[in-house]
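Before any comments, here is the structure.
The values are calculated or read from the model by the stated rules, or taken from the named source; none is laboratory data. Keep in mind it's a predicted model, so treat the numbers as computed, not measured. Cβ placement follows ideal geometry from the backbone for every residue including glycine, while neighbour counts extend to all protein chains displayed. SASA here: full protein model, heavy atoms, side chains in, ligands and nucleic acids out. Shrake-Rupley method; radii C 1.70, N 1.55, O 1.52, S 1.80 Å.
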Amino acid sequence: QVQLVESGGGLVQPGGSLRLSCAASGSIFSIDVMGWYRHAPGKQRELVATITSGGRTNYADSVKGRFSISRDNAKNTVYLQMNNLKPEDAAVYYCNVDRMVTRLGPVFGSWGQGTQVTVSS
């Protein structure tokens, strides 16, 4: 069984920083694209950033220059460094893996449980 476990959310003041982590556990041989999405009240879930196994990144325009996504393939972990946070960044952040190859075969579209990010003074 494969799980995505997120950590690192919390309360931060505007202009502050947080670092989110998401570790995939289980009998995993490889992971393709890992990413972060967020869902704020009254809004649709939106893409924040993605990173391929080769390190190619993609960001939402709203976070470019402030957020940085990275991954440690040996640890099956993806990170999201969030700097200069704004109140509009407040949301539940979800980790996503589009495809991973496991001992039991490929697994598609895995999601973490979500971690709350609150930006408020």
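Quick one: length gained pulling Asp61 to Arg103 fully straight, 0.36 nm per residue minus the C-alpha distance?
11.4 nm
In plain terms, the chain from Asp32 to Ser53 could stretch by 7.0 nm, reckoned as 0.36 nm per residue minus the Cα-Cα distance. In the context of the full set of protein chains, residues of region 1-78 present 54 Å² of accessible surface per residue (probe radius 1.4 Å, heavy atoms only). Work out the FRET efficiency for Gln13 and Arg45 from their Cβ-Cβ distance, taking R0 = 30 Å, and round it to the nearest 0.05. Working from the Cβ atoms, E equals 0.75. Only one item in (i) 13.3, 41; (ii) 14.0, 47; (iii) 14.2, 51 matches Rg and Dmax of the Cα atoms in Å derived from the coordinates shown, and that item is (ii).
For the chain, which whole percent of the accessible surface, found with a 1.4 angstrom probe, sits on carbon and sulfur atoms? So the carbon and sulfur contribution to the accessible surface is 47 percent.
For Ser70 and Ser121, FRET efficiency with R0 = 30 Å and r from the beta-carbon atoms, rounded to 0.05? With R0 = 30 Å, the Cβ-Cβ based efficiency is 0.60. Surface calculation, 1.4 Å probe, protein heavy atoms: Ser30 sits at approximately 50 Å² accessible.
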